[in-house]
Amino acid sequence: MKVVIFGLGYVGCTAVGCITSQGHSVIGVDVSAAKVEALNAGLSPIREPGLAELIAAAKENGRLSATVEIGDALNDADIAIVCVGTPSGVDGAHNMSYIAQVSRAIAAAIKPNRAETGKGPLTVAYRSTMRPGTVDMMIAPIFRAALGDSFKQGVELVYNPEFLREATAIEDYFNPPKIVIGTHNGGPCATMDALHEGIEAPIFHVGYREAEITKFVDNTWHAVKVAFANEIGRVCENLEISASQVHQIFVSDTKLNISPYYTRPGGPFGGSCLPKDVRALQYIAGDSGSNTHLVDSLLRSNEAHKHHQFQRVTQGLEPEARILLVGLSFKADTDDLRESPAVDMVRKLLDAGYRVSVYDPSLKPENLVGQNLGYAYAFLPTIDTVLVDKATAEKGNYDVVVATNRTINDLMLGDLPVIDVSKIA
């Protein structure tokens, strides 16, 4: 294929080298004359292990050229890949001026009758990190303004984030953790699938916004991991504990610690372990002068999520609506109420004036003992009156049913509206 790459920084130059090595022809476009001259001389404008060799080979084989002007480069191109920078603006948001400028330049350079030439629509793929909604709200309108409402006949907009680390960019290009291709309808894009042919990785065909937010989620998670590791490291060092041994133990657990567990958006954390141990670590960190700001934020974030779910559950409900909550304990098939998010939900609902019933077959107030008993009556003193049996739950005329766990599967509720809080992100 013929590929035109806009922006010859780290991402763009890596793409130049890797794509040409696959046998495709590439034209690089950049406003920097120095970068263009370097590529036309078969030299890499950036330092990245292995890239100089790929670019030299591409130039020698006649598969690479570069220019500061688009000219007619797009006339017979199959794909245009946008890799221009989106640096931080003064308010912290991305500066989208380069994206807007290059989008306008591409739109102006596309022949209106391209679809009639037999070449088909030009795939314009964006790899720059940008706010979710950018393709829909900024880029598509630019192409529509230049080419008319039928611009999709000549242009196929795609968002295809990259997952490259400097110093290992070539290895990452050919062995990515995943390939994400965002399109207007979430379906496949033939030219992008062809571009990634031979690269083994999970492929996700999604909508624009799901693809656009991917890099934010990934990079923020990486930042969380670094900050968490350093906070734990400070605590360990201040307590004369071997941080390296603690890390070795931690990463050995690939069942829970380094795994998909606990990373799916849904219910808040609760139960007898997580909240109390987070509080205790906060105290230990403060007592040892470790300043664990990330750890300190966990309980506040969890409370914020509880309130978020309460707002979603009650959205649109009339005052004094009848609500059945299914599953009060921390986990299904247990009677552990300690710091159960469902207890907080019931308390919030009652405080707001709703008429609440609770069904949980594992709970019998008379069987509660110890801390579990104390917590139940301290935070939900009306527990004896809100609990109902299965028959009452199934025949009740409720305005909405709130499911907190799989206990909902035990009930026959007809066509009553059900809100599963585990799916409220």
Qualifying helices (runs of 4 or more DSSP H) (wholly inside region 8-97; at least 1 residues being surrounded by 16 or more Cβ atoms within 10 Å (Cβ to Cβ) and under 30 Å from the mean Cα position of the chain (by Cα)): 10-21, 51-60
Output for region 24-39, where each listed residue is of a type outside the set (A, V, I, L, M), in contact with a Gly (Cβ under 9 Å, 6 or more places away or on another chain) and under 25 Å from residue 196 (Cα atoms): 25, 28, 30
Test: residue 296 is among the charged types (D, E, K, R) and modelled with pLDDT of 95 or more: yes
Filtered residues of region 241-276 (kept if over 23 Å from residue 373 (Cα atoms), under 27 Å from the mean Cα position of the chain (by Cα), among the aliphatic types (A, V, I, L, M) and outside any loop (DSSP other than H, G, I, E, B)): 251
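In region 150-184, how many residues are among the β-branched types (Val, Ile, Thr) and closer than 18 Å to residue 5 by Cα? Talk me through it step by step, then tell me what you get.
Within region 150-184, the subset among the β-branched types (Val, Ile, Thr) is 155, 158, 168, 170, 179-181, 183.
From what is left, the residues that are closer than 18 Å to residue 5 by Cα are 155, 158, 170, 181.
Going through region 150-184 one residue at a time, the tally reaches 4.
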Residue within region 132-149 that is closer than 30 Å to residue 52 by Cα and either outside any strand (DSSP E or B) or in the same structural domain as residue 201 (by TED's automatic domain parsing) (or both) present: no
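Just one of 155, 124 is in contact (Cβ under 8 Å) with a residue 12 or more places away in the chain, in the same structural domain as residue 173 (by TED's automatic domain parsing) and closer than 19 Å to residue 11 by Cα; which is it? Show your work before the answer.
Details: 155 fails: closer than 19 Å to residue 11 by Cα.
Of the residues listed, the single one that is in contact (Cβ under 8 Å) with a residue 12 or more places away in the chain, in the same structural domain as residue 173 (by TED's automatic domain parsing) and closer than 19 Å to residue 11 by Cα is 124.
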Of all residues making up region 407-420, the number that are touching a residue at least 12 places away in the same chain (Cβ under 8 Å) and either closer than 17 Å to residue 350 by Cα or surrounded by fewer than 14 Cβ atoms within 10 Å (Cβ to Cβ) (or both): 2
Among (1) within 23 Å of the chain's Cα centre (by Cα); (2) at pLDDT below 95; (3) over 25 Å from residue 338 (Cβ atoms); (4) of a type in the set (S, T, N, Q) - the single one residue 291 does not satisfy: (1)
Number of the exception - residue 260 against (1) at pLDDT below 95; (2) at negative phi; (3) surrounded by 15 or more Cβ atoms within 10 Å (Cβ to Cβ): (3)
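List the helices (runs of 4 or more DSSP H) that sit entirely inside region 288-395 and contain at least 1 residues that are free of Cβ contacts under 8 Å to residues at least 24 places away in the same chain and not charged (D, E, K, R).
Numbers: elements: 293-314, 341-351, 370-379, 383-386, 390-395.
Hits in region 288-395: 293-314, 370-379, 383-386, 390-395.
Of the residues 201, 211, 229, only one is buried (at least 17 other Cβ atoms within 10 Å of the Cβ) and not in a strand (DSSP E or B); which?
Values: 201 fails: buried (at least 17 other Cβ atoms within 10 Å of the Cβ); 229 fails: buried (at least 17 other Cβ atoms within 10 Å of the Cβ).
From the options 201, 211, 229, the qualifying one is 211.
Suppose the filter is out of contact with any strand residue (DSSP E or B) (no Cβ under 8 Å at 6 or more places or on another chain), among the polar types (S, T, N, Q) and at negative phi; does residue 61 pass it? Quick ask: steps written out before the conclusion?
Values: out of contact with any strand residue (DSSP E or B) (no Cβ under 8 Å at 6 or more places or on another chain): yes; among the polar types (S, T, N, Q): yes; at negative phi: yes.
Yes; evaluated as a whole, the condition is true for this residue.
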Positions within region 406-425 being part of a loop (DSSP other than H, G, I, E, B), closer than 26 Å to residue 307 by Cα and out of contact with any strand residue (DSSP E or B) (no Cβ under 8 Å at 6 or more places or on another chain), in sequence order: 424, 425
Failed condition for residue 119, given (1) in a helix (DSSP H, G or I); (2) under 26 Å from residue 8 (Cβ atoms); (3) over 20 Å from the mean Cα position of the chain (by Cα): (1)
All positions within region 330-378 that are at pLDDT below 90, surrounded by 22 or more Cβ atoms within 10 Å (Cβ to Cβ) and of a type in the set (Gly, Ala, Ser): 376
Region 238-266 residues that are closer than 23 Å to residue 290 by Cβ, paired with ones that are among the charged types (D, E, K, R) and surrounded by 11 or more Cβ atoms within 10 Å (Cβ to Cβ) (beta carbon under 7 Å, 6 or more apart): 243/237
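Given 63, 104, which one is basic (Lys, Arg), closer than 19 Å to residue 148 by Cβ, touching a residue at least 24 places away in the same chain (Cβ under 8 Å) and touching a helix residue (DSSP H, G or I) at 6+ places or on another chain (Cβ under 9 Å)? Reasoning before the result, please.
Values: 63 fails: closer than 19 Å to residue 148 by Cβ.
104 is the lone residue from the list that is basic (Lys, Arg), closer than 19 Å to residue 148 by Cβ, touching a residue at least 24 places away in the same chain (Cβ under 8 Å) and touching a helix residue (DSSP H, G or I) at 6+ places or on another chain (Cβ under 9 Å).
Can you find, within region 102-116, the residue that is modelled with the lowest pLDDT among those that are assigned to a loop (DSSP other than H, G, I, E, B) and surrounded by fewer than 17 Cβ atoms within 10 Å (Cβ to Cβ)? So that I can check it myself, show each step before the final result.
So in region 102-116, the residues assigned to a loop (DSSP other than H, G, I, E, B) come out as 110-113.
Applying the additional criterion that residues be surrounded by fewer than 17 Cβ atoms within 10 Å (Cβ to Cβ) yields 111-113.
Working: 111: 76, 112: 66, 113: 63.
Residue satisfying both the conditions and the ranking: 113.
The values are calculated or read from the model by the stated rules, or taken from the named source; none is laboratory data. Quick caveat, the model's predicted, so the values are computed rather than measured. As a convention, Cβ positions derive from the backbone with ideal geometry for all residues, glycine included, and neighbour counts pool all protein chains shown.
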